[in-house]
Amino acid sequence: MKIFNYLFALAFIASFSFTSCTVDELPDETEIIGTWLVKSVDLVGTAQFTQGNDVTVADFTGVGYDMDLQITINENPNDYTVEGDVNVLITYDLDGQLIEVPIEEADFIDAGNWDITNDVLTVSNATQVEVATLGEITETSLILEWTYTDSITTAGSAIVQNVTGTYVFEKQ
């Protein structure tokens with residue numbers, strides 16, 4: 001079935017980003033400084049596969065496993081580095097049929113610069129700018145939530161995915 005080929009293509013282009021959540025108090029910028037190890041990754045979203053006039057939509061979820069992703073956030077200058085990676089098991093629901101696709105060593109945003117305004121974290125580098133919401137930040141816990149859209153067109157087919165991801169980090 002052609003849709004399975006699209007699901008596997010989607011797995012290869014999958015990348016992560018994050019979405020919004022409320023914060024009772026505005027974060028203190030100094031709380032984010034340090035080294036953070038990812039403890040969990042949870043994704044939800046919708047993938048739309050288009051080939052000619054045929055359109056198929058599948059909801060999906062994703063759960064991180066075998067994770068050693070670590071980000072180090074510095075100040076003066078406000079830059080960050082990224083080491084390690086995350087594996088994610090994506091489960092597509094295609095008309096009631098569940099299809100699991102593992103994504104190994106999934107991409108995370110490359111090293112760059114950061115800024116916080118209110119509860120919004122903006123990270124940027126030479127190729128991308130991403131905006132995340134601080135779901136929570138304490139001395140030991142950081143929750144980032146990101147929403148993004150990813151799309152690819154190849155050989156007359158298109159895949160568009162809308163993803164909401166929640167990443168929980170623990171300070172090292």
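The values are calculated or read from the model by the stated rules, or taken from the named source; none is laboratory data. All values reported here derive from a predicted model rather than from experimental measurement. Cβ atoms come from the backbone with ideal geometry, glycine included; neighbour counts cover every protein chain shown.
The table below lists the values:
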item	result
One residue from 44, 129 being hydrophobic (A, V, I, L, M, F, W, C), within 16 Å of the chain's Cα centre (by Cα) and modelled with pLDDT of 95 or more	44
Scope segment 133-172; condition at pLDDT below 95, exposed (fewer than 14 other Cβ atoms within 10 Å of the Cβ) and charged (D, E, K, R); matching residues	139
Test for residue 37: is it out of contact with any Cys (no Cβ under 8 Å at 6 or more places or on another chain) and either among the acidic types (Asp, Glu) or modelled with pLDDT of 55 or more (or both)	yes
Which listed residue is in contact with an Asp or Glu (Cβ under 8 Å, 6 or more places away or on another chain) and not hydrophobic (A, V, I, L, M, F, W, C), from 53, 74, 125, 118	125
Residue within segment 162-170 that is under 12 Å from the mean Cα position of the chain (by Cα), under 15 Å from residue 35 (Cα atoms) and β-branched (Val, Ile, Thr) present	yes
Filtered residues of segment 87-118 (kept if under 18 Å from the mean Cα position of the chain (by Cα) and buried (at least 18 other Cβ atoms within 10 Å of the Cβ))	88, 90, 92, 101, 103, 106, 108, 109, 112, 114
